[in-house]
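Reviewing the structure listed below.
The values are calculated or read from the model by the stated rules, or taken from the named source; none is laboratory data. Here the structure is a predicted model, which is why all the values come from computation and not from measurement. Here the Cβ positions follow ideal geometry from the backbone for every residue, glycine too, while neighbour counts run over all protein chains shown. When the accessible area is computed, the model is the full protein with side chains, heavy atoms only, and any ligands, DNA or RNA have been set aside. Shrake-Rupley method; radii C 1.70, N 1.55, O 1.52, S 1.80 Å.
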Amino acid sequence: MITLSRIRLREIRLPLREPFQISSGVVTDRRILLLELTDVDGTTTWSECVAGETPNYSPETIDTNWIAIKEWVAPRVLGKSFAQPGDVHDVLDKDFRGHNMAKAGVEMGIWALAAEQAKLPLSRMIGGTRTTIATGISLGIQKSPAALVDKARAAIGEGYRKVKIKIKPGSDVEFVRAAREELGPDAPLMADANNAYTLDDVDRLAALDELNLMMIEQPLAWDDIVRHAELQKRLKTPVCLDESITSLDRAIDMHTLSAGRIINIKPGRVGGFGPSIAIHDFCEQHGIPVWCGGMLESGVGRAYNVALASLPNFTKPGDVSPSARYWERDVVTPEWTMDSTGMVAVPLDKPGIGVEVDVGRVDDITVRSETVGGK
Ligand code: OSB
Ligand code: MG
């Protein structure tokens, strides 16, 4: 039984080692919303609300979600007893539209509290079976094809099992082709457009279709399904949906309309582990592979992604790069690492999220905090 007594929100700022550019914007300093959840029995855990600074990926932002958590999410869960963490999503979903990343931060924290109470690693609490996660890197848009080739070659050398290349019109076919030529016909390459195209660009996308990519992620509008179905008919490369899949229903829509063949599940985007597991199970039943995406999370959010990616149908490498790919220094101990074969270990040696938060360091880089609830 989980009964939250309080939620502490904190904003920290972590400078990325290098700016991360996608078609819709660039991040240099990551503003991160961490949550500290406390149960009435005194158990505490940390979670992360993965929204970005600006609404260029989804309508959510760290500032809007600060309000959403304080005003609408916290009042629905504080002091309320949940027999199962799987019950939380429905409570947050009823007559409460959107704000999935705000809901997910709290919902996933409750899964971690339940894991602590059950003395289980988070992965095992949610039904995960893997002990290691195959890892891919997500490379931001580079200045030139040559710069991209250098990064992609280095990533393969480090052991990454998938190299995702961010693209936009003008930084696409030439860039991806250069990587393909350098790394060979079988290198595990994919592209992610973050909505940079329309059906009018089908010729450009057809050129990418000749480059033997594992998938093309979210080429069309952020909330589109129908046009992706039209596009998938014209491409042999599997379309993978990210932004468009905000719930189990949208995953069912994708399948019904053949709008894509792979799903990138980000637990924040869909409202938490409850919906993530439901999408995972649906996809497993329908032969749709899934993988775990990333939102430039700190080591706290990463713990949840690693746990989720340990479910059996996460059969493609996830965007769960080690801490050092993003930060000079992460906020967790141990930091997340990847071995030379591109595998990240699922922490199975202790209950809960599997890493300790370095609270002193978090205190040092906290720029605002607020506590909702008592004691
Ligand atoms: O589209 O997957 C995306 C980061 C911010 C917003 C959107 C995306 C991404 C990434 C980062 O690709 C993946 C990672 O965290 O390594
Ligand atoms: Mg994406």
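Does Ile279 fit the bill of being open to solvent by less than 60 Å² (accessible area, probe 1.4 Å), touching a helix residue (DSSP H, G or I) at 6+ places or on another chain (Cβ under 7 Å), without any contact (Cβ under 8 Å) to a residue 40 or more places away in the chain and assigned to a loop (DSSP other than H, G, I, E, B)?
Working: open to solvent by less than 60 Å² (accessible area, probe 1.4 Å): yes; touching a helix residue (DSSP H, G or I) at 6+ places or on another chain (Cβ under 7 Å): yes; without any contact (Cβ under 8 Å) to a residue 40 or more places away in the chain: yes; assigned to a loop (DSSP other than H, G, I, E, B): no.
No; evaluated as a whole, the condition is false for this residue.
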Scanning for something aromatic (Phe, Trp, Tyr) and within 16 Å of ligand 2 (Cβ to nearest atom), does the stretch 293-308 turn up at least one residue? no
Among residues belonging to the stretch 194-207 that are open to solvent by less than 10 Å² (accessible area, probe 1.4 Å) and free of Cβ contacts under 8 Å to residues at least 40 places away in the same chain, point out the one that is nearest to ligand 1 (Cβ to nearest atom). Tyr197
Among the numbered conditions (1) assigned to a strand (DSSP E or B); (2) exposed (fewer than 14 other Cβ atoms within 10 Å of the Cβ), tell me where Ser5 comes up short. (2)
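Output the residue which, of all residues in the stretch 128-151 that are under 30 Å from Gly354 (Cβ atoms) and away from ligand 1 (no atom under 11 Å from the Cβ), is surrounded by the most Cβ atoms within 10 Å (Cβ to Cβ). Give the steps one after another, and end with the answer.
Filtering the stretch 128-151 for residues under 30 Å from Gly354 (Cβ atoms) gives 128-140, 151.
Checking which are away from ligand 1 (no atom under 11 Å from the Cβ) leaves us with 128-134, 151.
Working: Gly128: 22, Thr129: 11, Arg130: 17, Thr131: 12, Thr132: 16, Ile133: 27, Ala134: 23, Lys151: 17.
The residue in question is Ile133.
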Between Ala178, Ala115, Ala191, which is closer than 30 Å to Ala74 by Cα, buried (at least 17 other Cβ atoms within 10 Å of the Cβ), of a type in the set (Gly, Ala, Ser) and touching a residue at least 24 places away in the same chain (Cβ under 8 Å)? Ala115
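Looking for whichever is in contact with a helix residue (DSSP H, G or I) (Cβ under 7 Å, 6 or more places away or on another chain) and buried (at least 24 other Cβ atoms within 10 Å of the Cβ) here; the options are Val290, Val306. Which one fits?
Working: Val306 fails: in contact with a helix residue (DSSP H, G or I) (Cβ under 7 Å, 6 or more places away or on another chain).
When all the criteria are applied, what remains is Val290.
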Enumerate the pairs (first residue in the stretch 237-258 and on the phi > 0 side of the Ramachandran plot and aliphatic (A, V, I, L, M); second residue anywhere and open to solvent by 60 Å² or more (accessible area, probe 1.4 Å) and more than 14 Å from ligand 1 (Cβ to nearest atom)) with beta-carbon separation below 7 Å, excluding pairs fewer than 6 apart on the same chain, so at least 6 apart or on different chains. none
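Determine whether the stretch 190-208 contains at least one residue that is among the β-branched types (Val, Ile, Thr), more than 15 Å from ligand 2 (Cβ to nearest atom) and more than 20 Å from Ala147 (Cα to Cα). Don't jump to the end; show me each part of the working.
Filtering the stretch 190-208 down to residues among the β-branched types (Val, Ile, Thr) leaves 198, 202.
Among the residues that remain, those that are also more than 15 Å from ligand 2 (Cβ to nearest atom) are: 198, 202.
Next cut, more than 20 Å from Ala147 (Cα to Cα) only: 198, 202.
The answer is yes; a qualifying residue exists.
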